[in-house]
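Working notes, beginning with the structure itself.
Each reported figure results from applying straightforward, stated rules to the coordinates on display, with no laboratory input. Please read these numbers as outputs of a predicted model, since none were measured by experiment. As a convention, Cβ positions derive from the backbone with ideal geometry for all residues, glycine included, and neighbour counts pool all protein chains shown.
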Amino acid sequence: MNPIFDFLFGQYSDYQTLDVVLEIVAVIFGFLSVWFSRKNNILVFPTGMISTCIFVYLLLKWGLLGDMMINGYYFIMSVYGWYIWTRKVDASHMTPISRTTKKEKKISVAIFLATLVFVFIIYKAFDKWNGWVAYVDTVTTAIFFVGMWLMAKRKLENWIYWIIGDLISIPLYFYKGFTFTSFQYLGFTFIAILGYLAWKKSLSNNQVTA
């Protein structure tokens with residue numbers, strides 16, 4: 001076989017075909033979810049929920065507890081975000097894009113620190129705290145927890161957390177042996193950058209209009 005192909009996809013030789021197909025499907029819906037988020041479209045949530053459901057199953061099967069909890073949390077926050085995005089702030093306007101307030105910044109820090117502690121306890125309880133991957137996985141979990149909460153609240157700064165977490169996840173997932181998921185996070189990084197710029201422009205236009 002081609003050595004480049006073996007380097008990128010050789011780890012899938014021991015995987016069940018169904019698992020590979022499910023990962024690809026989850027990646028596709030993950031891309032759709034981030035794309036709809038960039039477009040400020042409510043479809044970000046149903047597409048994201050499909051992706052996260054599949055990943056929860058796969059990651060539980062593969063024993064990646066931190067990643068599994070990220071996706072489980074995504075699902076819960078998608079339900080919450082779906083409600084927030086469709087909630088009317090007055091008779092004719094839905095919840096708008098806005099910047100994070102001082103109070104929300106403090107809550108973000110609290111979520112980040114609480115997640116670090118929670119994931120550490122989970123890893124220790126299951127005897128999975130056994131290498132540098134666990135450390136990085138714990139940090140990325142905390143970053144993504146904050147990012148998802150801010151996205152559900154329709155806050156511009158959510159994209160900053162996604163960009164940081166995505167950049168860390170690209171080599172992390174490749175090292176773990178999930179090439180398709182690594183490619184997914186590479187794509188996520190570019191979309192997140194575009195999403196930040198698009199939301200920032202929309203926020204500026206709304207402020208001018210107001």
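Residue-wise, which Karplus ³J(HN,Hα) couplings in Hz belong to the stretch 200-205, taking 6.51 cos²θ - 1.76 cosθ + 1.60, θ = phi - 60°, and x for glycine or proline?
In residue order, the calculated couplings are 5, 5, 4, 5, 5, 5 Hz.
Calculate the dipole size of the stretch 81-210 relative to its Cα centre from +1 charges on Lys and Arg beta carbons and -1 charges on Asp and Glu beta carbons; express the result in debye to the nearest 20.
Roughly 480 debye, rounded to the nearest 20.
Of Asp127, Asp166, Asp67, which is the most mobile in a GNM of the chain whose springs link Cα atoms less than 10 angstrom apart?
Ranking Asp127, Asp166, Asp67 by mean-square fluctuation puts Asp127 first.
Taking square-rooted eigenvalues a ≥ b ≥ c of the alpha carbon gyration tensor, is the stretch 111-210 rounded, prolate or oblate, where a/c under 1.5 means rounded and, failing that, a/b exceeding b/c means prolate?
Verdict is oblate for the stretch 111-210.
Taking the highest mean first, how do the peptides 189-196, 100-107, 170-177 order by number of other beta carbon atoms within 10 angstrom per residue?
Ranked from most to least packed, the peptides come out as 189-196, 170-177, 100-107.
Report the residue, chosen from Trp159, Trp149, Trp132, that carries the largest GNM mean-square fluctuation when the chain is represented by alpha-carbon nodes joined by springs under 10 Å.
In the Gaussian network model the winner is Trp132.
Tabulate in residue order the Karplus-calculated ³J(HN,Hα) for the stretch 74-87, using 6.51 cos²θ - 1.76 cosθ + 1.60 with θ = phi - 60°, rounded to whole Hz; enter x for Gly and Pro.
Couplings: 4, 4, 5, 6, 5, 5, 5, x, 4, 5, 4, 5, 9, 7 Hz.
How high is the relative contact order of the chain, given as a whole-number percent (alpha carbon pairs under 8 Å, six or more residues apart)?
It rounds to 22 percent for the chain.
My understanding is that a pair violates if its Cα-Cα distance is over 29 Å; which of Lys124/Lys176; Lys176/Lys200; Lys105/Lys200; Lys155/Lys176; Lys39/Lys102; Lys103/Lys200 do that in this structure?
Result: Lys176/Lys200; Lys155/Lys176 exceed 29 Å.
Rounded, prolate or oblate: which fits the stretch 46-118 when a ≥ b ≥ c are the square roots of the eigenvalues of the alpha-carbon gyration tensor, with rounded for a/c under 1.5 and prolate only if a/b beats b/c?
Oblate shape, in that a/c is at least 1.5 and b/c is the bigger or equal ratio.
Checking the a/c ratio against 1.5 first, then a/b against b/c, what shape does the Cα gyration tensor give for the stretch 80-167?
prolate
Amide H to amide H under 5 Å from Thr100: which residues, 5+ apart in sequence or cross-chain, H placed 1.01 Å off N in plane?
Correct list: Leu156, Glu157.
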